[in-house]
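Student: I am attaching a structure below and will ask some questions about it afterwards.
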Amino acid sequence: MNQHFTQELQVTIAAAQQASQIILSVYEQDFEVERKAGNEPVTQADRQANTLLVQRLSEAFPSDGIVAEESVPSPQDLAEQVARERVWFVDPLDGTKEFIARNGEFSTMIGLTVRGRPVLGVVAQPAFGIIAVGVVGQGAWLLEPDGTKTPLRVSEHKRVNACTVIVSRSHLSAPLQKIVKALAPAARISCGSVGVKATRIAQRQADVYVNPHQPGGAKLWDGCAPDAIVVAAGGKTSDLSGRDLDYSTTTLELVGGFVATNGHLHDEVLATARRVWEEG
C-alpha cells in the first residue's frame, strides 16, 4: 500500500471538484426539496454527487469498501463493506439545510479508513471553491481556487475561556447549548456542515467542536473526513468518553458523539462535556 496515498489524493480531489460542479449547477437554479428517512431534506444535488463519487471511487479502488449517505447498503452488505481493510465514507452534500438556505455553508466530504481508523480526508466547499485535505501523519492543507496550497495547523490555545467554540447552525440541541455554556469560551460561532467546522478548526478560526449524540444524529460519513483533517492538522478527535471513533462498526450513527479540538483543550472539554451530559 502506498503510504503517501498519492493516487488516493489525486482521485478524491478530482472527484470532489467534479461533485462540486454538479452541486453548484443545482445550487444556481431552482430545485426541489424532497424528504427521506428521518424527515431529512434531500435534493438532486445530494443524489447526483453521490452517484458520481461512488462511481469514481469504485472504479479507482475496486477492492475497497464504500459507505455513502445517499446509497447506504443493506445491513448485510454494510457489514461486508466495513469489514474490509480499507473503507471510504462519503457524504456528497453535508449541510443540505444550508444548501437549501443558500448560505454557502455546505461541503462534500470523502474520508478513507484503514482498519477502522481515518487516514485521509477531503472536504470541498463548493460555494467558496476551496478544498481542505488531510493525511494523518503527513499534514493538512487548503487548496484555493487558483491552485494555491496553504498548510493548515490548529491553534495553540491552551485555555478554554480564551478559545472559540464552533457549533451547528441547524442542529443546536439543548444538551449542546448546556455544554457550550459550561465551557464559557471567549467566543462562539455558528455554521453548517461538520466538514466546514473541521476546516475552520484546521484554519485556526475555531478551537473546539462538540457534537453530543442524538438519535438520528451524526453518522460515520459525517465524522470520517473531518476526523482525518483535524488530526492531520495537529488536533485531536474522540467521542465524548475520550475513545477513538470506530469506523469499522455497522452502527452508522456516531453513538458516542464527536469531539474535535486543537488538542491542547481536549481533556478539559471532555471533562466538562461529560459532566454536563451526565447531569442531563
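The values are calculated or read from the model by the stated rules, or taken from the named source; none is laboratory data. All figures in this text were calculated on a predicted structure; none of them were measured in a lab. We place every Cβ from the backbone using ideal geometry, glycine too, and count neighbours over all the protein chains shown.
Student: Tell me which of these Leu142 doesn't satisfy, since it passes every other one: (1) out of contact with any helix residue (DSSP H, G or I) (no Cβ under 7 Å at 6 or more places or on another chain); (2) modelled with pLDDT of 95 or more; (3) in a loop (DSSP other than H, G, I, E, B).
Tutor: Here Leu142 meets the rest and fails (3).
Student: If you scan the range 62-74, which residues turn out to be surrounded by 14 or more Cβ atoms within 10 Å (Cβ to Cβ) and of a type in the set (S, T, N, Q)? Write out each step before concluding.
Tutor: We begin by selecting, within the range 62-74, every residue surrounded by 14 or more Cβ atoms within 10 Å (Cβ to Cβ); these are 64-73.
Hit for the range 62-74 is Ser71, nothing else.
Student: Another question, if that's okay. Touching a His at 6+ places or on another chain (Cβ under 9 Å) and over 24 Å from Ile13 (Cα atoms): which single residue out of Gly235, Gly256, Gly263, Gly216 fits that description?
Tutor: On the way: Gly235 fails: over 24 Å from Ile13 (Cα atoms); Gly263 fails: touching a His at 6+ places or on another chain (Cβ under 9 Å); Gly216 fails: touching a His at 6+ places or on another chain (Cβ under 9 Å).
Of Gly235, Gly256, Gly263, Gly216, the one residue that is touching a His at 6+ places or on another chain (Cβ under 9 Å) and over 24 Å from Ile13 (Cα atoms) is Gly256.
Student: Anything in the range 24-50 that is within 19 Å of Glu105 (Cβ to Cβ) and of a type outside the set (S, T, N, Q)? List them, or say none.
Tutor: Once the filter is applied, which keeps residues that are within 19 Å of Glu105 (Cβ to Cβ) and of a type outside the set (S, T, N, Q), the range 24-50 yields Leu24, Val26, Tyr27, Glu28, Phe31, Val33, Glu40, Pro41, Val42, Ala45, Asp46, Ala49.
Student: In addition: Mind checking which residues of the range 75-127 are in a strand (DSSP E or B), hydroxyl-bearing (Ser, Thr, Tyr) and touching a Pro at 6+ places or on another chain (Cβ under 7 Å)? Steps first, please.
Tutor: Taking the range 75-127 as the starting set, the residues that turn out to be in a strand (DSSP E or B) are 86-94, 107-114, 117-125.
Remaining after also requiring hydroxyl-bearing (Ser, Thr, Tyr): 107-108, 113.
Within the range 75-127, just Thr108 meets the criteria.
Student: Here is a further query. Can you name the residue in the range 75-91 that is more than 15 Å from Gly111 (Cα to Cα) and in contact (Cβ under 8 Å) with a residue 40 or more places away in the chain and, of all such residues, is surrounded by the most Cβ atoms within 10 Å (Cβ to Cβ)?
Tutor: In this case the residue turns out to be Leu78.
Student: May I ask you to list pairs of residues, at least six apart or on different chains, whose Cβ atoms are under 6 Å apart, with the first in the range 4-16 being closer than 14 Å to Gln55 by Cβ and part of a helix (DSSP H, G or I) and the second being modelled with pLDDT of 95 or more and among the charged types (D, E, K, R)?
Tutor: Ala15/Arg56
Student: Just one of (1) in contact (Cβ under 8 Å) with a residue 40 or more places away in the chain; (2) touching a Pro at 6+ places or on another chain (Cβ under 8 Å) trips up Val72, so point out which.
Tutor: Against the list (1) in contact (Cβ under 8 Å) with a residue 40 or more places away in the chain; (2) touching a Pro at 6+ places or on another chain (Cβ under 8 Å), Val72 comes up short only on (2).
Student: Please list, ordered by residue number, the strands (runs of 3 or more DSSP E) wholly in the range 181-277 having 1 or more residues that are in contact (Cβ under 8 Å) with a residue 12 or more places away in the chain and more than 18 Å from the chain's Cα centre (by Cα).
Tutor: 187-191
Student: What about Asn211, is it of a type outside the set (Val, Ile, Thr), in contact with a helix residue (DSSP H, G or I) (Cβ under 9 Å, 6 or more places away or on another chain), within 16 Å of Leu176 (Cβ to Cβ) and surrounded by 23 or more Cβ atoms within 10 Å (Cβ to Cβ)?
Tutor: Details: of a type outside the set (Val, Ile, Thr): yes; in contact with a helix residue (DSSP H, G or I) (Cβ under 9 Å, 6 or more places away or on another chain): yes; within 16 Å of Leu176 (Cβ to Cβ): yes; surrounded by 23 or more Cβ atoms within 10 Å (Cβ to Cβ): yes.
Yes; evaluated as a whole, the condition is true for this residue.
Student: Here is a list: Glu70, Glu32. Which entry is among the charged types (D, E, K, R) and either assigned to a helix (DSSP H, G or I) or at pLDDT 95 or above (or both)?
Tutor: So the residue among Glu70, Glu32 that is among the charged types (D, E, K, R) and either assigned to a helix (DSSP H, G or I) or at pLDDT 95 or above (or both) is Glu70.
Student: Test Glu59 against the stated conditions and say whether it is free of Cβ contacts under 8 Å to residues at least 12 places away in the same chain, in a helix (DSSP H, G or I) and surrounded by fewer than 18 Cβ atoms within 10 Å (Cβ to Cβ).
Tutor: yes
Student: One residue is enough: does the range 167-178 have a residue meeting the conditions on the phi < 0 side of the Ramachandran plot and at pLDDT 95 or above?
Tutor: no
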